[in-house]
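Undergrad: Before I ask anything, here is the structure I am working with.
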Amino acid sequence: MVIEKICCIGAGYVGGPTCSVIALKCPEVKVTVVDKNKERIKQWNADKLPIYEPGLDKVVKECRGKNLFFSVDVESAIEEADLIFISVNTPTKTCGNGKGRAADLKYVESVARLIADVAAGDKIVVEKSTVPVKAAESIMNILRANQKPGVSYQILSNPEFLSEGTAIDNLLNADRVLIGGEETKEGQLAIEKLCWIYEHWIPRSKILTTNTWSSELSKLAANAFLAQRISSINSLSAVCEFTGANVSEVAKAIGTDTRIGNKFLNASVGFGGSCFQKDILNLVYICECLNLPEVAAYWQQVIDINEYQKSRFTSKVIESLFNTVTDKRISILGFAFKKDTGDTRESPAIYVAKTLLDEGAKLNIYDPKVEHAQIFEDLTYATGSKEYVKERVSLFPNAYSATEKTHAIVVCTEWDEFITLDFRKIYDGMMKPAYIFDGRMILDDEKLSKIGFHVHTIGKRNMRRGLKRTWGTLDCA
Ligand code: NAD
Ligand code: UDX
């Protein structure tokens, strides 16, 4: 087919990995990933890539300089491309109409205006970013209002479903690829051209084609469904902690029902990441704008339970430490929003750390992949005081040094290396009584209790200080 050159605008967690895999699988297609952020592009062209993603290094090194290029020359890349992915960020609005809920499309809009300015030939413009349903209409309005003679546009929606930490595997072995377009002859032809790219490695049966609006809405719906499962199991984790039911056993018992399925049922300190909260808030806002308050309230509850879970977990830490953490040193293991990524966007660890800092704690933090500067930046933003963070937060190169002489360990990310730590050695170096709060259900609580730790695991009754049920009342044991 006729796609010879692809341009991807936005060299982030989506644009970078997605286009690296396209370059790998389509050696005859020239793929140029562009970004206005010079530093990011410099890193994509260097040995150490700007994002940590297992398997990404290998793919980039195989294609870079052959058919994969990273550049700040956005205009030239647009000009030469047959197909343009818009892969810029679509954060939640921080001011104005829809503040705190609506998606901010300012970056998408500026890219659309730039395309209209620069394009001298036909272009297929693909929304890869997650956008509100009907966003393609706005993009099309901008493009057509500024259309030059001899230029035509087709807009496609091709949302991305990769998860960070497993992005390369998700891209290589996608459950499905979704492409939405206009139901016209030209729209269908554009869909076929994008299908041709993916068919280099994805079986046609896994490429779903729909109208534009179904595709746009499906992305928000998929994230809302996934997050809703986590909030559902997290809500039950609270019931488990009071009753002695074990949330892992409950998850297994319900997840083995093939109608429910066993994925995304891990109770946790709460979900994080750049997508779930932002996309659900966006869905809630859309529902409100459509005058569907009941639907909006339904999805809002997924976010509310997530906030409840983060606060419930952190309160448990404070209450267990005799209701005061002032000047106590606490170690936070894991700062990324999930394992196998260095990304901290909306990480529950930020909430936990901020709340403990607000209570006067001193923090020792260790994460295997998050840059130290990022941790300081996140906590400075969260607390509003660089000086306070500098004075109260210390960063460490490993879990052993981070836990030494601390009163408690709080596990915020499920890194594999935490499971195999020598907890006897860690216990010996800690203040007593020594506490562990496992926000990810990854540690062997019985073994830890035998060592002498006071253990609190999400979704399980506290081994030493649990709540005993007597009819009519709940007493502290
Ligand atoms: P990101 O912030 O990592 O990357 C976006 C990049 O776009 C940034 O480097 C920014 O500099 C660049 N950019 C913004 N405006 C630009 C412009 N006018 N010209 C050139 N470059 C510009 O974001 P991300 O995590 O890659 O997410 C991108 C989109 O994909 C979002 O809509 C997000 O919701 C969606 N998405 C993200 C994930 C994920 O796991 N991160 C998964 C699926 C979908
Ligand atoms: C998510 C979607 O999964 C992906 O399809 C979409 O493209 C982008 O948003 P991502 O945020 O990268 O991906 O990671 P994901 O694996 O979904 O985890 C999100 C959060 O939920 C993490 O904080 C994770 O720890 C948490 N989580 C996940 C749980 O707490 N329990 C689970 O069972 C699964």
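Undergrad: Does PHE337 satisfy being aromatic (Phe, Trp, Tyr), within 16 Å of ligand 1 (Cβ to nearest atom) and surrounded by 17 or more Cβ atoms within 10 Å (Cβ to Cβ)?
TA: Here the answer is yes, as PHE337 does meet what is asked.
Undergrad: Also: Please pick out the residue among SER20, SER76 that is more than 24 Å from ALA135 (Cα to Cα) and more than 20 Å from the chain's Cα centre (by Cα).
TA: SER76
Undergrad: Looking only at region 176-205, which residues are of a type in the set (Gly, Ala, Ser), under 22 Å from SER129 (Cβ atoms) and outside any strand (DSSP E or B)?
TA: GLY187, ALA190
Undergrad: Farther than 30 Å from LYS369 by Cβ, surrounded by 14 or more Cβ atoms within 10 Å (Cβ to Cβ), within 16 Å of ligand 1 (Cβ to nearest atom) and of a type in the set (A, V, I, L, M): is that true of LEU172 in this structure?
TA: no
Undergrad: Of the conditions (1) surrounded by 24 or more Cβ atoms within 10 Å (Cβ to Cβ); (2) among the aliphatic types (A, V, I, L, M); (3) in a helix (DSSP H, G or I), ILE303 fails just one. Which one is it?
TA: Every condition holds for ILE303 apart from (1).
Undergrad: Still on this model: From the list ASN291, ASN266, which one is part of a loop (DSSP other than H, G, I, E, B) and away from ligand 2 (no atom under 16 Å from the Cβ)?
TA: Going through ASN291, ASN266 in turn, just one is part of a loop (DSSP other than H, G, I, E, B) and away from ligand 2 (no atom under 16 Å from the Cβ): ASN291.
Undergrad: Identify all residues within region 228-273 that are among the hydrophobic types (A, V, I, L, M, F, W, C) and farther than 16 Å from ARG440 by Cα; write none if there are none.
TA: Once the filter is applied, which keeps residues that are among the hydrophobic types (A, V, I, L, M, F, W, C) and farther than 16 Å from ARG440 by Cα, region 228-273 yields VAL239, PHE242, ALA245, ALA253, ILE254, ILE260.
Undergrad: Continuing with this model, one more query. Hand me the list of helices (runs of 4 or more DSSP H) wholly inside region 376-461 holding 1 or more residues that are surrounded by 19 or more Cβ atoms within 10 Å (Cβ to Cβ), touching a residue at least 12 places away in the same chain (Cβ under 8 Å) and among the aromatic types (Phe, Trp, Tyr).
TA: 416-419, 423-429
Undergrad: Looking at VAL284, VAL269, VAL295, which one is closer than 24 Å to LEU162 by Cα, over 18 Å from the mean Cα position of the chain (by Cα) and of a type in the set (A, V, I, L, M)?
TA: None of the others qualify; the one that does is VAL284.
Undergrad: Follow-up. When you go through ILE330, ILE286, ILE318 one by one, which is the residue that is surrounded by 22 or more Cβ atoms within 10 Å (Cβ to Cβ), closer than 29 Å to VAL370 by Cα and more than 16 Å from ligand 2 (Cβ to nearest atom)?
TA: Every option except ILE330 fails the conditions.
Undergrad: Filter region 114-153 down to the residues that are charged (D, E, K, R) and within 28 Å of the chain's Cα centre (by Cα), then identify the one that is nearest to ligand 1 (Cβ to nearest atom).
TA: Checked region 114-153; the qualifying residue nearest to ligand 1 (Cβ to nearest atom) is LYS128.
Undergrad: Something else: Return the pair list, or none, for Cβ contacts closer than 6 Å from residues in region 211-240 that are within 14 Å of ligand 1 (Cβ to nearest atom) to residues that are hydroxyl-bearing (Ser, Thr, Tyr), at least 6 apart or on different chains.
TA: Listed pairs, sorted by first residue: SER215/SER157; GLU216/SER157; LYS219/THR130.
Undergrad: Does LEU208 satisfy the condition of being surrounded by fewer than 18 Cβ atoms within 10 Å (Cβ to Cβ), in a strand (DSSP E or B) and among the aliphatic types (A, V, I, L, M)?
TA: yes
Undergrad: Out of contact with any helix residue (DSSP H, G or I) (no Cβ under 9 Å at 6 or more places or on another chain) and either crowded, with 16+ Cβ neighbours inside 10 Å or at pLDDT below 95 (or both): which single residue out of PHE242, PHE276 fits that description?
TA: Being out of contact with any helix residue (DSSP H, G or I) (no Cβ under 9 Å at 6 or more places or on another chain) and either crowded, with 16+ Cβ neighbours inside 10 Å or at pLDDT below 95 (or both) holds for just one of PHE242, PHE276, which is PHE242.
The values are calculated or read from the model by the stated rules, or taken from the named source; none is laboratory data. Predicted model, so just to flag it, every value in this text is computed and none were measured. Virtual Cβ from ideal backbone geometry, glycine too; neighbours counted across all protein chains shown.
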